[in-house]
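*Asks:* Please read through the structure below; I'll follow up with questions.
The values are calculated or read from the model by the stated rules, or taken from the named source; none is laboratory data. Just so you know, these numbers come straight off a predicted model, no measurement behind them. Glycine also receives a Cβ, built like all others from the backbone with ideal geometry; neighbour counts cover every protein chain displayed.
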Amino acid sequence: MFKQGEEIFALRKHVGDECHHTVYKAEVIGLTLAAELIARESFIKDAMIGADNQVAIRVLENTRGSLGQHLVDQLQEKIEEIYTKHGQEALEIWCTPRHKGIEENERADKEAKKAAKGDMCPDTQLPPGCRGEIKTSHSMGRQHFTRQIKSEAAKQFAKSPRFPCLHEINPLSPSPKFHKDSECLQVSMLIQLRTGHIPLRKHLNRIEKPNSPMC
């Protein structure tokens, strides 16, 4: 928080690792901490919160957060508290460009890096909804679990005797591209093509069906 160009105070909250939390959630908490600093002031004529995440700012257009968006609800309640205490014209929220030499942006970035390393303010200095452990994001939990499954499946596939043949054709195997390819071809036909066991004359001649491998 800056007053007339002078830094007054800073709040930091360590949310957790990226396996369980989204950047969006951290941005909403950051806005809440900024609003908390303004709400504490005894008198504010005009204040501005700058943020470089447009998605987090646009969420304020909703009158209320939907189910599970308790952090959004908390932010909106804090904004309403500022309006009640200082008036509707006291606060503006702006989208500020990232890393454009704005001193306040640079300072906020340094504080965010401290928080990312676990250096945060005591819970007594934070608004109630930002204290203690932040609940895990369901979407990030699912994504993390899916990544673990894919990683384990890739390790198991690498042990398969079929892996060298497929890997020679496509070094990225197994990859999402396989699923895209299989949308337009029968999976069995695609596997036969890649392993050289498609029933064309070359393969049929190898198993002594036709006399010639030429199509």
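*Asks:* Going by what's in this entry, would D73 be described as assigned to a helix (DSSP H, G or I) and modelled with pLDDT under 90?
*Replies:* Spelling it out, D73 is indeed assigned to a helix (DSSP H, G or I) and modelled with pLDDT under 90.
*Asks:* Right, here's the next one. Pick from A51, A47, A108: which is in contact with a Phe, Trp or Tyr (Cβ under 9 Å, 6 or more places away or on another chain), more than 16 Å from G129 (Cα to Cα) and crowded, with 17+ Cβ neighbours inside 10 Å?
*Replies:* A51
*Asks:* Then there's this: For residues in the stretch 119-140 being among the small types (G, A, S) and within 19 Å of the chain's Cα centre (by Cα), which is surrounded by the most Cβ atoms within 10 Å (Cβ to Cβ)?
*Replies:* My answer is S137.
*Asks:* Okay, next question. Out of the stretch 21-33, which residues are buried (at least 16 other Cβ atoms within 10 Å of the Cβ) and either more than 12 Å from the chain's Cα centre (by Cα) or in a loop (DSSP other than H, G, I, E, B) (or both)?
*Replies:* Across the stretch 21-33, the qualifying residues are H21, V28, I29, G30, L31, T32, L33.
*Asks:* Being crowded, with 16+ Cβ neighbours inside 10 Å and of a type in the set (S, T, N, Q) narrows it down to one of Q143, Q88, Q74, so name that one.
*Replies:* Going through Q143, Q88, Q74 in turn, just one is crowded, with 16+ Cβ neighbours inside 10 Å and of a type in the set (S, T, N, Q): Q74.
*Asks:* Please enumerate the residues belonging to the stretch 120-147 that are outside any helix (DSSP H, G or I), closer than 23 Å to F2 by Cα and in contact with an Asp or Glu (Cβ under 9 Å, 6 or more places away or on another chain).
*Replies:* Residues satisfying the conditions are L126, P127.
*Asks:* Something else: Does the stretch 90-106 contain at least one residue that is aliphatic (A, V, I, L, M), part of a loop (DSSP other than H, G, I, E, B) and touching a residue at least 60 places away in the same chain (Cβ under 8 Å)?
*Replies:* No, there is no match, as no residue in the stretch 90-106 is aliphatic (A, V, I, L, M), part of a loop (DSSP other than H, G, I, E, B) and touching a residue at least 60 places away in the same chain (Cβ under 8 Å).
*Asks:* Do any residues in the stretch 120-136 that are in the same structural domain as I29 (by TED's automatic domain parsing) and farther than 12 Å from V15 by Cα have Cβ atoms under 9 Å from those of residues that are of a type in the set (A, V, I, L, M) and exposed (fewer than 14 other Cβ atoms within 10 Å of the Cβ), where the two are at least six apart or on different chains, and which pairs are they?
*Replies:* none
*Asks:* Out of (1) on the phi < 0 side of the Ramachandran plot; (2) in contact with an Asp or Glu (Cβ under 9 Å, 6 or more places away or on another chain), the odd one out for G16 is which?
*Replies:* Going through (1) on the phi < 0 side of the Ramachandran plot; (2) in contact with an Asp or Glu (Cβ under 9 Å, 6 or more places away or on another chain) one by one, G16 breaks only (1).
*Asks:* Being in contact with a Pro (Cβ under 9 Å, 6 or more places away or on another chain), of a type in the set (K, R) and closer than 23 Å to G132 by Cβ is true for just one of K25, K78. Which residue is that?
*Replies:* Among K25, K78, only K78 is in contact with a Pro (Cβ under 9 Å, 6 or more places away or on another chain), of a type in the set (K, R) and closer than 23 Å to G132 by Cβ.
*Asks:* Got a sec? Which of K100, K117 is of a type in the set (K, R), within 19 Å of L11 (Cα to Cα) and at pLDDT below 90?
*Replies:* So the residue among K100, K117 that is of a type in the set (K, R), within 19 Å of L11 (Cα to Cα) and at pLDDT below 90 is K117.
*Asks:* What is the residue count in the stretch 169-209 for residues that are surrounded by fewer than 13 Cβ atoms within 10 Å (Cβ to Cβ), at pLDDT 80 or above and part of a loop (DSSP other than H, G, I, E, B)?
*Replies:* 4
*Asks:* Here's something else I'd like to know. (1) among the hydrophobic types (A, V, I, L, M, F, W, C); (2) closer than 21 Å to R12 by Cα; (3) not assigned by TED's automatic domain parsing to the domain that holds E7: which one isn't true of A112, the others all being true?
*Replies:* Among (1) among the hydrophobic types (A, V, I, L, M, F, W, C); (2) closer than 21 Å to R12 by Cα; (3) not assigned by TED's automatic domain parsing to the domain that holds E7, A112 violates only (3).
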